[in-house]
Amino acid sequence: MSALENSVRLVPVRVDVENLKKSFGDKVVLAGVSFSVKPGEIYAIMGPSGSGKSVLLRHIIGLLAPDSGRVLIEGADASDPETHRRFVTAIVFQDGALFNSMSVYENLALYPREHRIADRKTIDARIRDVLALLSLQGAEKLMPSELSGGMKKRVAVARALMMQPQLLLYDEPTSELDPELGAATAELIAAVSAATGLTSIVVTHDRELARGIAGRVALLKNGRIAYEGTPAGLESSPEAEVQAFLHPTIDISNPRFRRNAQAENE
Ligand SMILES: Nc1ncnc2c1ncn2[C@@H]1O[C@H](COP(=O)(O)OP(=O)(O)OP(=O)(O)O)[C@@H](O)[C@H]1O
Ligand SMILES: [Mg+2]
């Protein structure tokens, strides 16, 4: 993995989210969210569907501006485009968001070519490095339709690494993967973090994943951080909000479940 050091800048950044508030119309999504991610840390964000995890990530990459509060990357405001010229943040989207009409090579070469940040030889060398890191040697010529789900995720990570990011965000990296591929993805995120030293923020529903890789985890609920601490501490927290997230109960008096309940009694 030492070849990678030529390809990835080893300067991780610190992220501070300070009293972040965001509403859409009447709907309050973030009601004052604060946390800090240390340089090089893997930080997980969990929370029920619709709790604002993706909205939070969009503030960090500067696609959304806060109503109040702020997000700082190394002390610089994330809503200022200049900040993203100084500190590169890459995001791995849930579905990979690969360009289907382009080969793996073309998907990976896109960012450096568009930003004119390297010559052909340097780009080719970097592509070889990231493909090797992700066990995708020789996949350059394949089209996205020829890749398995697990390979697609890895190509999506490879493409993010081509940006030489100091901050890497993952939105639901294990959704739609079977448990085995989920475990492989956890290993992948940990390996990328170890090889590059970059700061990682992982949004996930997957408790196994959070337990496996994250130093700290935050639980986002009702617009606030309901828990922050180690993944093990989350599992053993007596807080009602945490318990409700970990052990959602099904109300069988709800008409949706009545037919099943009756069937069981028969
Ligand atoms: N651009 C927008 N305009 C209006 N409402 C939005 C917008 N973006 C997000 N929302 C709303 O904000 C809330 C939080 O959405 P978000 O996508 O962050 O949830 P999430 O925690 O990522 O959920 P999931 O786990 O299902 O991905 C939702 O109610 C959503 O409808
Ligand atoms: Mg989301």
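Quick check on the stretch 14-21. Is at least one of its residues under 30 Å from Ile127 (Cβ atoms), within 15 Å of ligand 1 (Cβ to nearest atom) and in contact with a strand residue (DSSP E or B) (Cβ under 9 Å, 6 or more places away or on another chain)?
No, the conditions are met nowhere in the stretch 14-21.
Where the second residue is near ligand 1 (Cβ under 6 Å from one of its atoms) and not in a strand (DSSP E or B) and the first is under 19 Å from Pro12 (Cβ atoms) and touching a residue at least 24 places away in the same chain (Cβ under 8 Å) and lies in the stretch 40-61, which pairs have Cβ atoms under 8 Å and are six or more apart or on separate chains?
From the stretch 40-61, the pairs are Ile45/Lys53.
What do you reckon, is Met163 under 21 Å from Val13 (Cα atoms) and at pLDDT below 90? Spell out the reasoning first.
Working: under 21 Å from Val13 (Cα atoms): yes; at pLDDT below 90: yes.
Answer is yes for this residue.
Check every one of the strands (runs of 3 or more DSSP E) wholly within the stretch 28-116 and list those with 2 or more residues that are more than 29 Å from Ser145 (Cβ to Cβ) and more than 15 Å from ligand 1 (Cβ to nearest atom).
Details: elements: 42-46, 68-73, 89-92.
Those strands (runs of 3 or more DSSP E) span 42-46, 68-73.
If we keep just the residues of the stretch 193-206 that are over 22 Å from Leu30 (Cα atoms) and surrounded by fewer than 23 Cβ atoms within 10 Å (Cβ to Cβ), which is nearest to ligand 2 (Cβ to nearest atom)?
Applying the filter and picking the extreme gives Ser193.
Hey, does the stretch 244-264 have a residue that's more than 20 Å from Ile73 (Cα to Cα), buried (at least 18 other Cβ atoms within 10 Å of the Cβ) and modelled with pLDDT of 85 or more?
For the stretch 244-264, residues more than 20 Å from Ile73 (Cα to Cα), buried (at least 18 other Cβ atoms within 10 Å of the Cβ) and modelled with pLDDT of 85 or more: present.
Just a yes or no: is a residue in the stretch 118-126 in contact (Cβ under 8 Å) with a residue 40 or more places away in the chain, away from ligand 2 (no atom under 16 Å from the Cβ) and closer than 25 Å to Ile201 by Cβ?
Start the filter on the stretch 118-126 by keeping residues that are in contact (Cβ under 8 Å) with a residue 40 or more places away in the chain, which leaves 125-126.
Right, trim to away from ligand 2 (no atom under 16 Å from the Cβ) and you get 125-126.
In the following step, the residues that additionally are closer than 25 Å to Ile201 by Cβ were identified as 126.
The answer is yes, given that some residue of the stretch 118-126 is in contact (Cβ under 8 Å) with a residue 40 or more places away in the chain, away from ligand 2 (no atom under 16 Å from the Cβ) and closer than 25 Å to Ile201 by Cβ.
When both residues are 6+ apart or on different chains and their Cβ atoms are under 9 Å apart, which pairs have a first residue that lies in the stretch 90-109 and is away from ligand 2 (no atom under 16 Å from the Cβ), and a second that is in a helix (DSSP H, G or I) and among the aromatic types (Phe, Trp, Tyr)?
Pairs found: Ala90/Tyr111.
The values are calculated or read from the model by the stated rules, or taken from the named source; none is laboratory data. Owing to the predicted nature of the structure, the values given are computational and were not obtained by experimental measurement. When we count neighbours, we look across all protein chains shown, and the Cβ atoms used for this are built from the backbone with ideal geometry, even at glycine.
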